[in-house]
Amino acid sequence: MAVLEVDALTKRFDEVVAVDNLSFAVQPGEIFGFLGGNGAGKTTTLRMVLDIIRPTSGRISVLGAAPDRRQAAAIGFLPEERGLYDNMTAIDTIVYFARLKQMDGGEARKHGMELLERFDLASRAKSKIGEMSKGMAQKVQLATALVNHPQLLMLDEPFSGLDPVNQGLLEEEILRASKRGAAVIFSTHVMQHAERLCDRLLLLRKGAKRFEGTLDEARAELPAAIEAIAKEDIIRVAGIASAEPKEQLDGEWRRWSIRLDPGVSAGEVLERCTTSGVALRRFEEQRANLHDVFVQLVGGEENR
């Protein structure tokens, strides 16, 4: 059973459609990237899953039931807008949020200290949040999302403001939660994290889904580019949609940037070059990365 199911979800604010007929599901142990530009509807969707705001129409199922704040015991959430009580200590903050999630106080303190140890903050357990650096406070807030061993972990722009070391720590925690069986959904507009972590991706534009699938399926949305060193006769090979000369080399040899016809693989074109006698010095496939796909499917116009 999916941990989270969203079906035909729509949210309107007056005349603005923030989320537009959105459907997807996240399975146990799956890391699901929720990608889109600023204002694409990512945070609005997560808030509806948490029952903070109600949808205009559509259906949400969390662990087999409609969203309800009583499900807090099974959910971990890291909001984009970080906010903790400056006068509370790190460990008391973690225990406080754990108690809101119906955890036993002793268990919450034990696991909270384990998290602080893992985050290299055990020596600051009794330090007040207001006395900590921004990065330290962010790690404490991450601990509040993890302390209850959530079945559904939702992270809204979690890498924002973290240095590379702490970004790596967060990636480790996402992988750890997934291995434990949690469904992890995180929103981001930083493609490198999504490429490294996600089992599946969803790209949003103006509240509507533009793509859902694996990283390989996303990269397949754009035709592969070929860099070749060949003579002029490469242009006649079947399956090549365009061949742009980039650099004149010695004699008749040139460096080419080649685009293939839809549905044609680089291997097929390479075989045709060989069988038709087209001489090659180089033939290298350059597949699109997630950034290229994002720009193609989501970029171009401002998101609401």
Considering only region 119-132, I want to know if a residue exists there that is assigned to a loop (DSSP other than H, G, I, E, B), crowded, with 20+ Cβ neighbours inside 10 Å and among the aromatic types (Phe, Trp, Tyr). yes
Does residue 225 fit the bill of being among the aliphatic types (A, V, I, L, M) and either under 31 Å from the mean Cα position of the chain (by Cα) or within 26 Å of residue 293 (Cβ to Cβ) (or both)? yes
Determine whether residue 121 is of a type outside the set (S, T, N, Q), in the same structural domain as residue 81 (by TED's automatic domain parsing) and either under 21 Å from residue 196 (Cα atoms) or touching a residue at least 40 places away in the same chain (Cβ under 8 Å) (or both). no
If the requirement is being of a type in the set (S, T, N, Q) and closer than 24 Å to residue 157 by Cβ, which of these qualifies: 102, 71? 71
Taking region 34-60 and keeping only residues that are modelled with pLDDT of 95 or more, at negative phi and part of a strand (DSSP E or B), one is left with 57, 59, 60
So how many residues does region 88-105 have that are closer than 23 Å to residue 71 by Cβ and more than 28 Å from the chain's Cα centre (by Cα)? 7
Give the residue that is modelled with the highest pLDDT, with candidates limited to residues of region 240-259 that are more than 20 Å from residue 271 (Cβ to Cβ) and of a type in the set (Gly, Ala, Ser). 257
Check on residue 69, among the charged types (D, E, K, R), touching a strand residue (DSSP E or B) at 6+ places or on another chain (Cβ under 6 Å) and over 15 Å from residue 146 (Cα atoms): no
Which one is surrounded by the most Cβ atoms within 10 Å (Cβ to Cβ) among residues in region 141-171 that are assigned to a loop (DSSP other than H, G, I, E, B) and in contact with a Leu (Cβ under 7 Å, 6 or more places away or on another chain)? 158
Within region 95-108, residues under 17 Å from residue 141 (Cβ atoms) and assigned to a helix (DSSP H, G or I) come out as 95, 96, 97, 98, 99, 100, 108
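The values are calculated or read from the model by the stated rules, or taken from the named source; none is laboratory data. Everything numeric in this text was worked out from a predicted model, so none of it was measured. Please note: Cβ atoms are built from the backbone with ideal geometry, for glycine as well, and neighbour counts cover all protein chains shown.
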